[in-house]
Amino acid sequence: MNMQHANADEHADLPIEHGGQSFAFAQSHELCISQVHDFSASINPLQPQIDWQQLSHDAQQQIPHYPEEFNARSHSTLLPFLAKTFDLPQAHITLCNGISQAIWQLFATLPISEIFLFSPIYAEYQNAAQQNAAGYTKIHSTPKEWLKNKPTMAKYSVVVLVNPSTPQGSFLTVEELQPLLKFCAQQESWLLIDESFLPFITLDKAHSLRQFVDAYPQLIVLQSLSKFYACPGVRIGALFSRAKQVKNLPDIWTISTLDRLYLQQALQDDEHPSKTHLWLKNSKQDFYNSLSQLHCVHHMEESHVNFILLAFDRPVADVQRHLDAYHILIRPASSFGFASNYARLAIRLPEENQQLLDALQALPVHDIK
């Protein structure tokens, strides 16, 4: 078992090299935002059907008033649509102003003795752990391998796992995760499962740990909504849990009126999930095969979702400088703990993927001295 402990005062906050810096790139290169090809943020390139005229009309009527969602316990007209989509009782759904904010709020609010992070993991989790606990332990193994070593942890510990994982894109089944769920329950500890990318595989509850939130009161499932529904400019996410600590998160006006109006329409597009799954099925393997043939790519991970982790034959910074001329952004994987030549590439529409492939093909052959 590979475990690594980090103290809160051991080092400064980790850099959060978040993808999606399209506006900053466009400004620095004097471009229109439409001229930027962003492979750094793993956002669905297919937008759900939105009646923008209706959204504008509803916004004009409602924006002069405070939003419905005063706090986590407030009723929202969005809840019935989320309950239908994710097949959960409304009482087990809590809205939040994006998953990044929810991570910080949970770590600041939950009673915590120890924190265990299955890694690689978002830097937000590590930074929030450093700020709100004495430290955290990184686990560099699968839950099965970790449990095989009969770990010990104090009551009210927090275990965090991202599934599907990022930046690798691997996926653990419910059957593989149930022993971890039961172990955390036996230890009277919290299990936080981040399923932000699961909708790209399926929305079926049978493949999600959210099916167990009623039976396990210390289970919290974090669900991003902006990635699958193509709206990172809309800051909204959901927490699935029956824990009273989740309903009591100290947030005021958790989402805005515009957030709710957009997602309310997006969730009613019944064809969006099937269109997304068909696009990904048709695009991913072709993109993967083409990347594997490039002289600059040395290694690639098999992915179940809408991004691919790969290793270049040179630092990602050198690749990005080359791609600047093509107005293309990619995301280094260094903030996840990978070497400087690893990057995570979003899968886009076929014509966009080809633009990236052509640009990478034009990279000069790396001279290894």
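Look through segment 87-105, keep the residues that are assigned to a helix (DSSP H, G or I) and touching a strand residue (DSSP E or B) at 6+ places or on another chain (Cβ under 7 Å), and return whichever of them is farthest from Leu258 (Cα to Cα). Explain how you work it out, then say what you get.
Filtering segment 87-105 for residues assigned to a helix (DSSP H, G or I) gives 90-92, 99-105.
Then keep just the ones that are touching a strand residue (DSSP E or B) at 6+ places or on another chain (Cβ under 7 Å); that gives 92, 99, 102.
On the way: His92: 23, Ile99: 18, Ala102: 19 Å.
Among those that are assigned to a helix (DSSP H, G or I) and touching a strand residue (DSSP E or B) at 6+ places or on another chain (Cβ under 7 Å), it is His92.
Does segment 122-142 include one or more residues that are among the basic types (Lys, Arg) and either without any contact (Cβ under 8 Å) to a residue 24 or more places away in the chain or not in a strand (DSSP E or B) (or both)?
Keep residues of segment 122-142 that are among the basic types (Lys, Arg), which gives 138.
Cutting the leftovers down to either without any contact (Cβ under 8 Å) to a residue 24 or more places away in the chain or not in a strand (DSSP E or B) (or both) gives us none.
Scanning segment 122-142, I find no residue that is among the basic types (Lys, Arg) and either without any contact (Cβ under 8 Å) to a residue 24 or more places away in the chain or not in a strand (DSSP E or B) (or both), so the answer is no.
Per this entry, Lys227 is counted among residues that are within 19 Å of Ser170 (Cα to Cα) and of a type in the set (Lys, Arg). Against the conditions (1) in contact with a Ser or Thr (Cβ under 8 Å, 6 or more places away or on another chain); (2) crowded, with 16+ Cβ neighbours inside 10 Å, Ala359 satisfies every one except (1). Is it the case that segment 277-300 has a residue that's aliphatic (A, V, I, L, M) and in contact with an Asp or Glu (Cβ under 6 Å, 6 or more places away or on another chain)? Checked against the condition, which is being aliphatic (A, V, I, L, M) and in contact with an Asp or Glu (Cβ under 6 Å, 6 or more places away or on another chain), segment 277-300 yields no hits at all. In segment 261-309, of all residues being among the aliphatic types (A, V, I, L, M) and farther than 18 Å from Val319 by Cα, the one that is surrounded by the fewest Cβ atoms within 10 Å (Cβ to Cβ) corresponds to Leu278.
Just so you know, in segment 239-249 the residues that are modelled with pLDDT of 95 or more and buried (at least 22 other Cβ atoms within 10 Å of the Cβ) include one that is farthest from Trp52 (Cα to Cα), and it is Ser241.
For Thr254, the conditions (1) more than 29 Å from Tyr156 (Cα to Cα); (2) assigned by TED's automatic domain parsing to the domain that holds Asp214 are fulfilled apart from (1).
Applying a threshold of 8 Å to beta carbon distances and a minimum spacing of six or more residues, or different chains, the list of pairs starting in segment 332-350 at a residue that is part of a loop (DSSP other than H, G, I, E, B) and ending at one that is of a type in the set (Phe, Trp, Tyr) reads Ala333/Tyr342; Asn341/Phe312; Ile347/Phe287; Ile347/Phe307; Arg348/Phe39; Leu349/Trp279.
Whenever a residue of segment 81-94 is assigned by TED's automatic domain parsing to the domain that holds Ser241 and modelled with pLDDT of 95 or more, its partners that are part of a loop (DSSP other than H, G, I, E, B) and of a type in the set (Val, Ile, Thr), lying with C-beta atoms within less than 7 angstrom and at least six residues away or across chains, give the pairs His92/Val213. Sub-7 Å Cβ pairs linking a first residue in segment 302-324 that is under 28 Å from Val162 (Cα atoms) to a second residue that is basic (Lys, Arg), at least 6 apart or interchain, are Phe307/Arg344; Leu309/Arg344, ordered by first then second residue.
Are any of the residues in segment 137-150 among the charged types (D, E, K, R), touching a strand residue (DSSP E or B) at 6+ places or on another chain (Cβ under 7 Å) and more than 24 Å from Lys205 (Cα to Cα)? Within segment 137-150, one or more residues are among the charged types (D, E, K, R), touching a strand residue (DSSP E or B) at 6+ places or on another chain (Cβ under 7 Å) and more than 24 Å from Lys205 (Cα to Cα). Look at (1) under 18 Å from the mean Cα position of the chain (by Cα); (2) within 26 Å of Ile43 (Cα to Cα) and you find that Val159 fails only one, number (2). Any idea which residue in segment 121-176 is surrounded by the fewest Cβ atoms within 10 Å (Cβ to Cβ), counting only those that are among the charged types (D, E, K, R) and within 23 Å of Gln223 (Cα to Cα)? Checking each candidate, the answer is Glu175.
Conditions (1) modelled with pLDDT under 95; (2) farther than 18 Å from Ser170 by Cβ, marked per residue:
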{"site": "Ala346", "(1), (2)": "no, no"}
{"site": "Pro350", "(1), (2)": "no, yes"}
{"site": "Gln355", "(1), (2)": "no, yes"}
{"site": "Ala359", "(1), (2)": "no, yes"}
{"site": "Val365", "(1), (2)": "yes, yes"}
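Being under 28 Å from Asn127 (Cβ atoms) and β-branched (Val, Ile, Thr): is that true of Val365 here? Spelling it out, it is not the case that Val365 is under 28 Å from Asn127 (Cβ atoms) and β-branched (Val, Ile, Thr).
The values are calculated or read from the model by the stated rules, or taken from the named source; none is laboratory data. The structure presented is a predicted model; accordingly, all values stated were derived computationally and were not measured. Every residue, glycine as well, gets a Cβ built from its backbone with ideal geometry; the counts of neighbours run over all protein chains shown.
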